[in-house]
Amino acid sequence: MTASRRAAHVLVAALLVLGAACAGAAEPAPLERARSGPTLAEGVAVAAGQRFLDDHVEPDGRVVRHDEGGDTVSEGQAYAMFVAVALEDRERFDAVWGWTKEHLQREDGLLAWRWADGGVVDPMPATDADVDAAHALALASQVFVEPDLAREAGHIAGAVLAHETTDTGLGPTAVAGPWARGGDGADPVVNPSYGAPLAYDVLGRLTGDGTWEALDDSARRVVADAARDTDLAPDWAELRPGAVEPTGPPSGAGEPVHGYDAVRTAVRLATDCEPAGRDLAAAMDDEYDAAALPDGGPAAVLALDGEPLVRHGHPAASVGAAAAALAAGDADDAGRLLSVAEQQLSDDPTYYGSAWVALGRLWLTTERLGGCAGD
């Protein structure tokens, strides 16, 4: 990281710690649909979304990871719900959410993480999937004018606050799941890419609970602190006294990296309605540029100092780089990187790549999944 970038990064972190209000902040905008026909960008994004639904969603609404043995994870169900909302596909949305409720939703409202071979094989929820599902339901309640969906969103949102957050030195903070809240000598565990400021804004307005605004602030502070010596957030971190400490995965194997989880961080922050979040996304732009491979996208896994750890790319990494470029004000480079992601997906189709090509285009190039009033 250059000295100027480090100074800017420290300034962002300091402002967040002080809780300063950022000038020019916007509010989540109500969902609106094109009145005069879709733009070219919308057409490309809709096509990417349709491919994801056609390739990975079964008629009963189950999202299948064909390249992972045919299993299903809660994040995939939430991703498909987002895409179905964006495409205004009520039939597909109802199928996906119906399957999710029947097979994954627990008594507390959260979603079991993994289903395979006819049943749940890992009942522990993952916070990103729960927040994304609640966010998608909230959007769907607007698009389909269905109040019951808003109530279901509120039910999951309440369960997230009750079971997937903890009070820390950062204030109320979303952790990786119920297992990650800490205690008995263990530090809370976070996945910085789970932080979703736009979702927190939407759910805060839906529920009227001010805790969501606090989660909004702590999500940015997690990234700012975890990336205090670099612009790259890690896949995983622990909330230790006085610091967010990058770690390897919860399994305990491996060093901290910016990998397949962390590449989502820039997308989450680039869609933030607060400038401080977008600044954190923009700070990643140079690191992604420096890690570019011959196809133009970044290496899929980076050390936290930006050094590539693999010699291949991935569509999700290219989408993350596109989000960082857009946040940095380079729309042309963002468009180029989204095209790189499309080509990478074509060369090596995967569930995760397909999902993030679709979500990246829908979030970054359209307002079909919401936007910020005043932007």
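The values are calculated or read from the model by the stated rules, or taken from the named source; none is laboratory data. Since this is a predicted model, take the numbers as computed values, not measurements. Positions of Cβ are generated from backbone atoms using ideal geometry, with glycine treated the same way; all protein chains shown enter the neighbour counts. Calculation scope for accessible area: heavy atoms of the full protein, side chains included, ligands and nucleic acids excluded. Shrake-Rupley method; radii C 1.70, N 1.55, O 1.52, S 1.80 Å.
Overview of values
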{"item": "Mean ellipticity per residue at 222 nm, deg cm²/dmol - from DSSP H runs of n ≥ 4 across the chain, formula -39500 (n - 2.57)", "result": "-16000 deg cm²/dmol"}
{"item": "Environment charge at ASP332 (Cβ cut-off 14 Å; Lys +1, Arg +1, Asp -1, Glu -1)", "result": "-3"}
{"item": "Taking only Cα atoms of the stretch 209-304, radius of gyration then Dmax in Å", "result": "13.8, 48"}
{"item": "Charge sum, other residues only, whose C-beta stays under 15 Å from GLY169's C-beta, Lys/Arg counted +1 and Asp/Glu -1", "result": "-1"}
{"item": "The chain: DSSP helices with Cα axial extent of at least 20 Å and average Kyte-Doolittle hydropathy no lower than -0.5", "result": "3-18, 40-56, 127-143, 147-163, 211-226, 331-347, 351-365"}
{"item": "Accessible surface of ASP55 - all protein chains present, 1.4 Å probe, nearest 10 Å²", "result": "90 Å²"}
{"item": "Dipole in debye (nearest 20) - the chain, about Cα centre, beta carbon charges: Lys, Arg +1; Asp, Glu -1", "result": "420 debye"}
{"item": "Added length on full extension, which subtracts the Cα-Cα distance from 0.36 nm per residue, GLU146 to HIS66", "result": "25.6 nm"}
{"item": "Accessible area expressed per residue, the chain, with surrounding protein chains retained (probe 1.4 Å, Å²)", "result": "39 Å²"}
{"item": "Burial order of peptide ranges 44-50, 316-322 (average beta-carbon count within 10 Å, highest first)", "result": "316-322, 44-50"}
{"item": "Sulfur and carbon atoms: percent of accessible area, the chain [1.4 Å]", "result": "51 percent"}
{"item": "Structure-derived Rg/Rh (Cα atoms, Kirkwood Rh): which label, when the choices are [x] 0.98; [y] 0.93; [z] 0.95", "result": "[y]"}
{"item": "Accessible heavy-atom area order of GLU68, GLU164, highest first, probe of 1.4 Å", "result": "GLU68, GLU164"}
{"item": "Accessible surface of ARG205 - all protein chains present, 1.4 Å probe, nearest 10 Å²", "result": "140 Å²"}
